Amino acid sequence: MTSESVPPHVIPAQKQRRLPELLRIGKKPPLTIDEQLEELARTSAVHTPAIARRLGQHNRAQLVEDVWQNAFAKVTKRLREGTEPVENLRAYMRQACINSAVDELRLIRRRSEVLVGDDTAVLEERENAELHASGVYYADIRDELKALLTPMEHQAVFLTSVLDFTSERAAELMNTSPSSVRKAVRRAREKVAKRQSSLGHLR
């Protein structure tokens, strides 16, 4: 039988023996762990939009970078431990970024609850806080403030007017910028002024 008479899709025995070798030709070897991590680092911009969307109003460049670094550290640990193979590293990294963003939001929420929530550990200190020697105590106007202001405005007022923190220190605790803190306090003061109540002791 000549080679011309070989039916289609029938591989000669000689080539069948070489098939594993032929299949390996042109196929790249699997990436090492270090190479996989380098690839993730090079393509970090692919994942930052998902982080930013998840952070919502807390979306700031530095916070997005911090969340990505946390996710990258978790993925690095997983790869180096090698307990189970990661089939789709890019998808795994994306999910790690989303999970880290959710963790960051929970941390921000817990911090906010401590600052202006009903945590009994600091409640006594808040209730005894006098607003700049005005004779008005925070405990007397807390509920009215909560009803009148947004959570961010309330936080900014509490930190700067009750605890007497600077805008810079308040910004660190609130995960925002000092200018945003000052704007929040200004909006709160405007709302208070419109009500013409005894809450007009905010700086």
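Only the coordinates and a few stated rules stand behind these numbers; no lab work does. Only a predicted model underlies this, so the values are computations on that prediction, with no experimental measurement involved.
Enumerate the calculated ³J(HN,Hα) couplings along the stretch 144-160 in order (Karplus 6.51 cos²θ - 1.76 cosθ + 1.60, θ = phi - 60°), each rounded to whole Hz, writing x wherever the residue is Gly or Pro.
Values per residue, Gly and Pro as x: 5, 5, 4, 6, 8, 10, 6, x, 5, 5, 5, 4, 4, 5, 4, 5, 8 Hz.
Using the Kirkwood radius over Cα pairs, work out the Stokes-Einstein diffusion coefficient for the stretch 33-106 at 4 °C and 1.567 mPa s, in µm²/s as a whole number. Display every interim value, and only then the final one.
Working: Rh = 12.4 Å.
Translational diffusion coefficient: 105 µm²/s.
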